[in-house]
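Visitor: Following this message is one structure expressed as structure tokens.
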Amino acid sequence: MATDERLNSFENGDALAEALATTVAGHLRAGCEANGKAVLAVSGGTTPARFFKALSLKDLPWNTITITLVDERFVPPTSERSNERLVREALLQNAAAGANFVGLYHEAVDADQGAKMAAAEIARLGQPFDVVVLGMGGDGHTASFFPGGDNLKATISKDEKALVLPMSAENAGEPRLTLTLPVIIAARFIALHIEGAGKMTTLEAALGEGEVEDMPIRAVLSSQPIDLEIFWAP
């Protein structure tokens, strides 16, 4: 198991979900108290469902909190593949039903135009975000930073000026829209949420020596100084 000092290990996914929800809620509450508002960017996939439910029950001033996405497939919210659909069904419920939501998908001729439209919306939220919750694939991707992706070099550049870029990759399925690295690592707090033995093996490899492009999660893990914690359960 990885011995990184940023690693928080839990007995199971339920315990992880509650701990992560409590941590995220604390940062959002602090943002609201300091600035009168807070912004949370979350990831999709199958892993965050329990965390979303736990967070949705937290007592927060949700009407002053905006939720957005770290990345999105270039599909409408009606698609079962849509991250927006997952967030609406699993997170924007219970107490969190009062939160504001800004998605990345817009009807556009292609993902390039869609990324520009999404970037304009993200710009209006202001920087830095209070919390970013990332996931990680077995190939070492996070957000839509896919190994071999057509826009990978740009999206993981600390000098990239675009807030959102399109991404196409062999393992990505549909074209994607993704926040760029500078937006993510500027966040006041970053959580990496992973579950299962396979993800621990991937994390250990990512923390080892190797090219960033081979396991793009390294672009985040190696960024300093950032406030990042890893939440894992077997």
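Visitor: Counting only residues that are closer than 25 Å to R218 by Cβ and among the small types (G, A, S), which one in region 87-117 is surrounded by the fewest Cβ atoms within 10 Å (Cβ to Cβ)?
Guide: Out of the qualifying residues, it is A111.
Visitor: Where residues in region 14-41 are farther than 17 Å from L228 by Cα and hydrophobic (A, V, I, L, M, F, W, C), which of them is most open to solvent (accessible area, probe 1.4 Å)?
Guide: A34
Visitor: Still on this structure, I have one more. Need pairs with beta-carbon distance below 8 Å; first residue in contact (Cβ under 8 Å) with a residue 12 or more places away in the chain and within region 14-29, second among the β-branched types (V, I, T) and open to solvent by less than 60 Å² (accessible area, probe 1.4 Å); sequence gap 6+ or separate chains.
Guide: Every condition considered, the pairs that remain are L20/V133; V24/V131; V24/V133; H27/V131; L28/I65; L28/V131.
Visitor: Moving on to the next point. Here is a list: E11, E72. Which entry is among the charged types (D, E, K, R), in contact (Cβ under 8 Å) with a residue 24 or more places away in the chain and open to solvent by less than 10 Å² (accessible area, probe 1.4 Å)?
Guide: E72
Visitor: Out of everything in region 139-167 that is under 25 Å from V109 (Cα atoms) and of a type in the set (K, R), what residue ends up being surrounded by the fewest Cβ atoms within 10 Å (Cβ to Cβ)?
Guide: K161
The values are calculated or read from the model by the stated rules, or taken from the named source; none is laboratory data. Predicted, not measured: the structure shown is a model, and the values here were computed from it. Cβ sites come from the backbone with ideal geometry, for glycine too, and all protein chains shown count toward neighbours. All accessible areas refer to the heavy atoms of the entire protein, side chains included, with ligands and DNA or RNA removed. Shrake-Rupley method; radii C 1.70, N 1.55, O 1.52, S 1.80 Å.
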